[in-house]
1. Residue by residue through region B:217-245, note down the ones that are more than 22 Å from the chain's Cα centre (by Cα), open to solvent by 60 Å² or more (accessible area, probe 1.4 Å) and not β-branched (Val, Ile, Thr).
2. Given the options C:Lys50, C:Lys79, name the one that is buried (at least 24 other Cβ atoms within 10 Å of the Cβ) and either of a type outside the set (Val, Ile, Thr) or in contact with a Gly (Cβ under 6 Å, 6 or more places away or on another chain) (or both).
3. Got a sec? Which helices (runs of 4 or more DSSP H) wholly within region C:1-77 have at least 3 residues that are over 27 Å from C:Arg149 (Cα atoms) and without any contact (Cβ under 8 Å) to a residue 24 or more places away in the chain?
4. Take C:Ala150 and decide whether it is open to solvent by less than 10 Å² (accessible area, probe 1.4 Å), in contact with a strand residue (DSSP E or B) (Cβ under 8 Å, 6 or more places away or on another chain), of a type outside the set (Asp, Glu) and under 11 Å from C:Ala122 (Cβ atoms).
5. What is the residue count in region B:166-203 for residues that are among the charged types (D, E, K, R), farther than 18 Å from B:Glu20 by Cα and open to solvent by 20 Å² or more (accessible area, probe 1.4 Å)?
6. In the list A:Val95, A:Val55, A:Val24, which residue meets the criterion of being surrounded by 13 or more Cβ atoms within 10 Å (Cβ to Cβ) and more than 7 Å from every other protein chain (Cβ to nearest Cβ)?
7. Among the residues of region B:141-151, which ones are at the interface with chain A (Cβ under 10 Å from one of its Cβ atoms) and either at pLDDT below 70 or within 30 Å of the chain's Cα centre (by Cα) (or both)?
Amino acid sequence: MTITEQEIRALAETAKVGLTDGEVTAMTAYFNDAVPFCGAMARAAREGRLDLDGVPPYAPAVEEPPAPGEDRAVPSPLRDELLAAAPEARDGFFVVPRILEEE
Amino acid sequence: MTVRYVPVIGLEIHVQLATESKLFCRCSADYFGKAPNAHICPGCMGLPGAMPILNGRAAELAVRAGIALSCKIRDRLYFDRKHYFYADLSKAYQISQDGRPVAEGGLLKIRSDDGTLKPVRITRLHLEEDAGKLVHSAADGRLEGAENSYADYNRGGMALAEIVSEPDLSSPGEAREYAARIRQLVRYLAVSDGDMEKGSLRVDANVSVKQVDADTGEVLAWSARAEVKNMNSLRALERALEYEIRRHREALASGERLERETRHWNEAEGVT
Amino acid sequence: MQLYELSATEMARGVRAGEFSASEVLESCLGRIEEGEGALAAMITVTAGKAREEAALVDGMVARGEDPGPLAGVPIILKDNICMRGAPVTCASKMLENWVPPYDAAVVEMAAASGALFPGKANMDEFAMGNSGEFSVFTHPSNPWDTDRAPGGSSGGCAAAVAAGYAPLALGTDTGGSVRQPASFCGIYGLKPTWGLASRRGVVPLAPTMDQVGPFARTAEDLALILSIISAPDGGDGTCRPGQRPDYGAAVATPSLKGKRVAAIRDLEGLSSLLDDAVLEGLSKFLDLCRGGGAEIVDVSLPVTVEFGPPCYHVLSRAEAASSLARYDGVRYGLSKRGESLSELYTLTRGEGFGPESKRRVLMGTWVMSGANFDEYYTAAAKTRTLIAREFDEAFKGCDIIALPTAPGPAFIKGTQGGERMRMANLLTLPPNLAGLPALSMNMGFTGGDKPLPVGVQLIASRWGEAELLNAAAAVEKSVGGATVASLPARGKEGEAR
């Protein structure tokens, strides 16, 4: 399987990561090198060298589930600090480029 | 040959849980009508390093509703991240229960159009976070200008239970009846205030219409399923479904193919 | 003997006893930072003013006869992905270059409450992804034992700082070896705790099912000291285990290897071509010392771990990184590049804000999670991870500790890593992250030649077995000694601390 520059561009659009033409070329080379490596497990399973049948996907072991938090509203003292950190804020809102309805 | 048209409707109802604080942080859940971003913290704003702490009360209310709907209740809670980029979503993912919902496989009996009792199967009930709100201009003329939209995260992270039905409803009246029963149930159990106008109970409808040979009962054709949103009263739900069903019948009758799509009810114009 | 050369235990003892002040300790360490930074670039931000205020508070307490706590006056360097109020947490990325978090990480709160001082934030690979420090978008840190070489990564700045005497302790993060590998490159101790032992609240996430905060130190005693502070339960992290921790101090006070079963991994023999002789000799030396101390040397087999650990880690760590890094979108904080549309704002911000390795990982993570790739890559890796965890469970029925090299070799020359070599570089450190196990790296001496380089050995224990690791490390340290402070290279003309 070969991954094309076109597929990398589409992937970058999905992940919302801007890439220059040079980056697209380098990324394509990385994918074509790394993807076969990443496929080692499914491949070995098909070849019968790794038995994944009936094996559950790993879940981190949490023996004692955490006690749920209490439902008690606390004031938000960091509101002003959070708004101050915004790249652009106005009248208490975070500003983004105009979104057309149902975009 | 006589042809019959049978609507097939399933509802997804988002119920805002009657908690004091949000689902994974302790910001106030009393957001309605508050100043923009008055109820935000590092948690619901997705700041790196802030960690989710589940609201135990929200889980309790979801389980209560699940029991009332005769669902099987899972003995542990599992959460997943649902990723999408949008300005109302502060972490670029919504914490939801995709694979393993808290409650599954329930039943709610409703009064059908002919007066008989009809069981409606409940697929699942799961917990999830709400998204924030985007505004495009303020009523008093502030925030004017064509180039910006504005994000308010007060609602972001609010505790929701999503109740999904099987497509067992076959008329706008039944859909309305089902939604009214859900609303009554969550109110009675103090799970939610169920206020549709304030958006604390939101109904999305999945609707398609099947064309059936009235004599043999053979299904001749299906219209592509449409998801209809933005109905903020039971009356609006009924009207939107009437409109949508008519649209599907006409398409089936004329042989036009519909696309599978999401449509929004426009209350003023009475169209989707 | 300068104050900066003291261990953390000695510093705290001296400050609490009034033999010297916290301010004197701090000035000695700040002087060392000043002297070393030109050559090492181990720091991103030096917070001398803040640390001086903290030292004055500690000294005030001592003067009033109050006890500042077990870390009284001990400077601790923080990796720059651990949040501390009042200083940026850059993650060595343009994305967060100017973002100041409005909170302290839990581990910072805990250490501060014990009297610690925080003189600065250490250099690292961008968002903790890398093994040399060279993915920092700022300067590239150097190894104090040979400045042409990398200090390792991603917590390379922390390791270089502790080795060079900037501070006796540092806190890094370890997702696939990012504490242990730089510790081995710089000749000091590094510990990755069991997943769930130390709170991750206030630590910028990379791969949440693998990340742990881990300490660096020059002695086993110091490692136990800092671990006993930062491993406190924390209700603010739902994955942090509640309940009492073992007495780590006791584990290093009277260490003994008698009757311990220390295992080597049989399957690594097939990989000896990837491993430098020096690290294999380090391992032999460690096993000999264990045997001499009364331990029984056994062996274990971890075939799935050795063959499939690297691809399993590659897939899962990228999937989790793509999710963790999705939130940097230019709307609420951090870098923002305004575009014509929302989509353009995202694409421009993330295109400019992420360096090359972050982009690779975000894209690969997105790819393995999407559509038909999900089962072929993500699910296969997640199932393999279960097998790896089970393989360790089985192995620990027959041993108390597994010993192996920390890295395939000693520190490499900067700019020489890439491709296959880089992909396999964390082969030896990633298994404990996949299985959620504690692991420690300690120095086992130096290579020969005119610029001797440190050689590390790694110990892995079963879950919550930190005391087991500390006991073994302290026992072996009796023979090999603690780490020494590296001497700084002559000051370069161009060298300026950032």
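The values are calculated or read from the model by the stated rules, or taken from the named source; none is laboratory data. No experiment lies behind these values; they were computed from the predicted model shown. Using ideal geometry, Cβ is built from the backbone for each residue, glycine included, and neighbour counts are taken over all protein chains shown. The protein model used for the area step is the full one, side chains on, heavy atoms only, and it has no ligands, DNA or RNA in it. Shrake-Rupley method; radii C 1.70, N 1.55, O 1.52, S 1.80 Å.
1. Scanning region B:217-245 gives B:Glu218, B:Leu220, B:Trp222.
2. On the way: C:Lys50 fails: buried (at least 24 other Cβ atoms within 10 Å of the Cβ).
Going through C:Lys50, C:Lys79 in turn, the sole match is C:Lys79.
3. Values: elements: C:8-17, C:22-40, C:48-63.
In region C:1-77, the matching helices (runs of 4 or more DSSP H) lie at C:8-17, C:48-63.
4. No; evaluated as a whole, the condition is false for this residue.
5. 8
6. Numbers: A:Val95 fails: more than 7 Å from every other protein chain (Cβ to nearest Cβ); A:Val55 fails: more than 7 Å from every other protein chain (Cβ to nearest Cβ).
Of A:Val95, A:Val55, A:Val24, the one residue that is surrounded by 13 or more Cβ atoms within 10 Å (Cβ to Cβ) and more than 7 Å from every other protein chain (Cβ to nearest Cβ) is A:Val24.
7. Of everything in region B:141-151, those that are at the interface with chain A (Cβ under 10 Å from one of its Cβ atoms) and either at pLDDT below 70 or within 30 Å of the chain's Cα centre (by Cα) (or both) turn out to be B:Arg142, B:Leu143, B:Gly145, B:Ala146, B:Asn148, B:Ser149, B:Tyr150, B:Ala151.
Rundown of residues vs (1) in contact with a strand residue (DSSP E or B) (Cβ under 9 Å, 6 or more places away or on another chain); (2) among the hydrophobic types (A, V, I, L, M, F, W, C); (3) assigned to a helix (DSSP H, G or I), yes/no style:
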site	(1), (2), (3)
A:Leu11	no, yes, yes
A:Met41	no, yes, yes
A:Leu50	no, yes, no
A:Asp53	no, no, no
